[in-house]
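The values are calculated or read from the model by the stated rules, or taken from the named source; none is laboratory data. Not measured: the values here are computed from a predicted model. Ideal geometry is used to build each Cβ from the backbone, glycine not excepted, and the neighbour counts take in all protein chains shown.
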Amino acid sequence: KRHRFANIPPGPKPWPVVGNFGGFLIPSVIRRRFGPEADGSSKNAASVLTELAKLYGPVYSIYAGRQLIVILNGYKVVKEALSSHPEVFSDRPDIPAISIMTKRKGIVFAPYGPVWREHRKFCHTTLRSFGLGRLSLEPCIMDGLSNVKTELLRLDAESGGTGVNPAPVISNAVSNVICSLVLGHRFDHRDQEFRSMLRLMDRGLEICVNSPAVLINVFPLLYHLPFGVFSELRQVERDITAFLKRFIANHLETLDPDNPRDLTDMYLMEISARRAAGEVDGGFTEDYLFYIIGDLFIAGTDTTANSVLWIILYMASFPDIQDKVQAEIDEVVGTLRTPSLSDKGKLPFTEAAIMEVQRLTAVVPLAIPHMTSETIEFGGYTIPKGTVVLPNLWSVHRDPNEWDDPDSFDPTRFLDEAGKLLRKECFIPFGIGRRVCMGEQLAKMELFLTTTTLLQAFEVRLPEGVPAPPLHGRFGLTLAPCPYTVCINPRR
Ligand code: HEM
């Protein structure tokens, strides 16, 4: 018996030491129970966890090593936990591989409490001022998109009909939006320093999620091993630190309080204001700023870039839907100007198509791990204090109690009979509750502008004679599409 509470949620039997670690063992449980997968390839970790709910119910448990993890499945249970008991379900666990790098500072992995709250409030307000105020990000996003169009065309021409992998170009553009926001600097997409920074971030995430370094979570001392991915991880961390610290030092030297350029300037001014007011416990320090910047890069780049990549892939895979989106853009925006945020609200089918892709792909399928800050009776079980809780957003978006024919791709489910956009409570790609995504508004802005601008200019098609790319994705920190290529045909 692994737990002092008798009534913890049921789940697959853990193995000694490793538990049901990393989900390695779960697919075999599923296969034993349901037989071999019909198509052999339609599963990712989140869909496997969703299947397990059929066996154990919407609230069930697994173990990573000795750590109890409770998975919440379906809209009713996820909403009940995150919205009705936010004081209990809003903490974040201390995950060794992550805490070593984040020191539990910043926002994303910071414990629930006053320091997290103050920082979230500050960043949220600052982000809003960038979205709406004088430092608007719209021109910056549009500028990046003009580069994206040129690059995609160039690469397509070079490909000789085999198509372009849009991932690097999209990832560059999205990272540049975060760079403008936090560092006040847009990089040329060919800038070597910028490219190597993006490669470092990718590699860092890849090592943390998809390499033997995941074992650091069970045996934290492995982090200090002087070889292999362990020493590579430390080197990646040193390089990223040096890059960001250079930028902060430069901001400190050139800060003009009458003319803040970006979030870093605003934060440095906040530190001074708080110091002048004799405030010491809000946690606003230059050291903390470093972790905030890291958070915005990690939370704001992969998520948005993968969402855009999914949208392109779905549009190429469902040409009839792409045609309808383009017909709507042509009618409302026309061809004489590029789309803008003022078109939002006038393109319901396009917005519905974006939402439907987000529903089916749930780019952050298990949210970011939550942790209970006290023991709670929930869903008929006892969930002890310190339990890691994974809200399975993938299962919410495929919940048959909420969606008709949940596996089918049908944007019209987000439209009423008059063709107006419907807001659905159970559509939660950004999570819900106190830890809901802080960049939701910015992300929606980017998805809208990118989708409309690219589809106004291009028809995207899958290359002929190549098998269609799978639509189940690759599960890392976010759910990314498997690498694919598309042909880019200018529409005019
Ligand atoms: C957290 C989704 C873009 C900043 C989250 C969470 C999800 C999410 C599911 C976790 C919620 C939870 O733990 O319950 C997405 C998606 C995006 C996106 C799907 C793009 C389509 C962004 C952007 C930014 C951002 C552009 C920043 C500029 C954050 C932050 C958190 C977060 C700071 C942590 C909030 C906290 O712990 O208090 N996001 N996100 N996200 N996101 Fe996003």
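A few points about this structure:
- Considered as a group, the residues in segment 70-114 that are of a type in the set (Val, Ile, Thr) and at pLDDT below 95 include one that is farthest from the ligand (Cβ to nearest atom), and that residue is Ile100.
- Filter pass, Leu313 being modelled with pLDDT under 95 and either surrounded by 19 or more Cβ atoms within 10 Å (Cβ to Cβ) or under 25 Å from the mean Cα position of the chain (by Cα) (or both): no
- In segment 275-310, residue farthest from the chain's Cα centre (by Cα) [restricted to those that are within 14 Å of the ligand (Cβ to nearest atom) and charged (D, E, K, R)]: Asp295
- The set of residues in segment 363-390 that are under 16 Å from Val77 (Cβ atoms) and within 10 Å of the ligand (Cβ to nearest atom) comprises Pro365, Leu366, Ala367, His370, Val389, Leu390.
- Evaluation of Cys179 against the conditions (1) within 16 Å of the ligand (Cβ to nearest atom); (2) in contact (Cβ under 8 Å) with a residue 40 or more places away in the chain shows that the sole unmet condition is (2).
- Qualifying residue in segment 183-201 (condition: touching a strand residue (DSSP E or B) at 6+ places or on another chain (Cβ under 7 Å) and more than 28 Å from Ala316 (Cβ to Cβ)): no
- Helices (runs of 4 or more DSSP H) wholly inside segment 247-328 that include at least 1 residues being among the aromatic types (Phe, Trp, Tyr) and closer than 30 Å to Arg491 by Cα: 302-317
- Residue list for segment 453-492, restricted to those being closer than 21 Å to Gly204 by Cβ and of a type in the set (Ser, Thr, Tyr): Thr478
- Scan of segment 423-453 for residues that are in contact (Cβ under 8 Å) with a residue 40 or more places away in the chain and away from the ligand (no atom under 16 Å from the Cβ), ordered by number: Thr453
- Among residues of segment 411-433, those that are surrounded by fewer than 17 Cβ atoms within 10 Å (Cβ to Cβ) and in a loop (DSSP other than H, G, I, E, B), counted: 9
- Yes/no for Val214 being without any contact (Cβ under 8 Å) to a residue 60 or more places away in the chain, assigned to a helix (DSSP H, G or I) and within 30 Å of Val17 (Cα to Cα): no
- Contact map, segment 154-175: first residue closer than 17 Å to Phe458 by Cα, second residue of a type outside the set (A, V, I, L, M, F, W, C) and crowded, with 23+ Cβ neighbours inside 10 Å, Cβ cut-off under 8 Å, separation 6 or more or different chains; pairs are Ile170/Thr450.
- Scope segment 273-314; condition among the polar types (S, T, N, Q) and under 30 Å from Pro469 (Cα atoms); matching residues: Thr301, Thr303, Thr304, Asn306, Ser307
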